[in-house]
């Protein structure tokens, strides 16, 4: 009569992440486990990160739970569907009720349900999965559970939406004791010399970026009290001794009032763990930067997405590119590392926009930057805008939204080469800025790669 909580991410099957080796525990599942524990509902977390499907299946066979609840996102969808089909087809697993939740399910209800699984949780999962378990175990009316979807006579049925949790102070802490956290800490230590853990302080995002999915928490802003967040930091410090914390919130400094309370509590409780976070440029100023530094912030990721104001406006980012650049420069100057995100291949982006992005990165000079090629996630405004222009739509069960392609200004290959161009040109500039300390051979290699990418961009237009 128990619940198994699991996911479809196996680290060793991901060549990029297996090389980077910076895994984090499945915080969402651990939050659900903590909530179920408070409700006295027996549950077990099978964290597949350092495992494989066979060990996962063996665990389920041994436990024979009433319910298997699986977290599904864009990158794990294929593995999740394989897991679902095995559980549905083999008697030795006890034919548990299979429940899915996560950011990929909300706008793909019919596709997922037609794999044979039983229920989908739409939105936040803690209260819904608890109520669903009670209804299934007692065989009462399933329609009384809000925030779920299921098939009836081959038609998708959705119950009324679940009301979002307003008071996050009542939310139990993630059940980190439910998994082998030491595997994460040891992996970080082995590959990077320092360990890192995650904390969530808020749910939802009030901003309107067209490419961003709000399928789980919605376009809202709800926050845990700063006092409780700092207490959680203290608990992690005492129990696990992480070298750093990664705050997983979309916009950590969205509320200046909260940041001031967080700073005050960290001083009052004498808790200080180095941390990094993500935010928007217009939610930073001199005072907030100083408070963050005093509280232990060593790195801030500041969203940019493009150095072209035209593209930023097309994304509905609602920020001035100069404000972003100045925020990165100020953050660097105060002694906090910076990171920024860049997206190439957004609808309407042309050669001049890419040049502006390169110029922006050179002037802002963030400590780190990452680049992706734009792809449409179903349910976002971007997907709605480009749906009529989709030119590559792979088979749903065996692909992800990353593989969808649409008509762009230039070919997809052009933007692949553009990524190389930006990376090498900006890193060339960073090396040149070192002056006498620069590596001449590295400078030549980077410039050569940049020029080669430029040539390939021209050819692939």
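Just so you know, all these numbers are worked out from the coordinates, no wet-lab data involved. Computed from a predicted structure; not experimentally measured. Here the Cβ positions follow ideal geometry from the backbone for every residue, glycine too, while neighbour counts run over all protein chains shown.
Descriptive notes on the structure:
- Taking every alpha-carbon pair under 8 Å whose residues sit at least 6 apart, the chain reaches a relative contact order of 11 percent.
- Helix 351-364 and the longest principal axis of the Cα set of the chain meet at an angle near 80°.
- Computed helical MRE - 222 nm, the chain, DSSP H runs ≥ 4 contributing -39500 (n - 2.57), nearest 500: -13000 deg cm²/dmol
- Reported label for calculated Rg and Dmax of the Cα atoms in Å given (i) 23.1, 68; (ii) 23.2, 75; (iii) 26.3, 89: (ii)
- Helix 181-192 vs. the chain, principal-axis angle (Cα, 0 to 90°, nearest 10): 20 degrees
- The length gained on full extension between residue 186 and residue 61, counted as 0.36 nm times the residue separation minus their Cα-Cα distance, comes to 42.1 nm.
- Take the Cβ atoms of residue 40 and residue 222, set R0 to 22 Å, and the FRET efficiency comes out at 0.30.
- Mean Cβ count within 10 Å, highest first, over the residues of peptides 19-25, 126-132: 126-132, 19-25
- Rounded FRET efficiency, nearest 0.05, which uses the C-beta distance separating residue 337 from residue 21 and R0 of 25 Å: 0.80
- The mean sequence separation of alpha-carbon pairs under 8 Å and at least six residues apart, normalised by the residue count of segment 3-158, gives a relative contact order of 22 percent.
- The alpha-carbon atoms of segment 3-158 define a convex hull whose volume equals 109 cubic angstrom per residue.
- Theoretical gain in end-to-end length, residue 437 to residue 293 [0.36 nm per residue, Cα-Cα removed]: 49.0 nm
- In degrees, nearest ten, helix 53-63 long axis to first principal axis of the chain (Cα): 30 degrees
- Expressed as a fraction of 2.2 N^0.38 Å, the value expected for a compact globular protein of N residues, the C-alpha radius of gyration of segment 194-374 is 1.05.
- In terms of its C-alpha gyration tensor, segment 213-295 comes out oblate, because a/c is 1.5 or above while a/b does not outweigh b/c.
- Over segment 275-399, volume per residue of the alpha carbon convex hull, in Å³: 124 Å³
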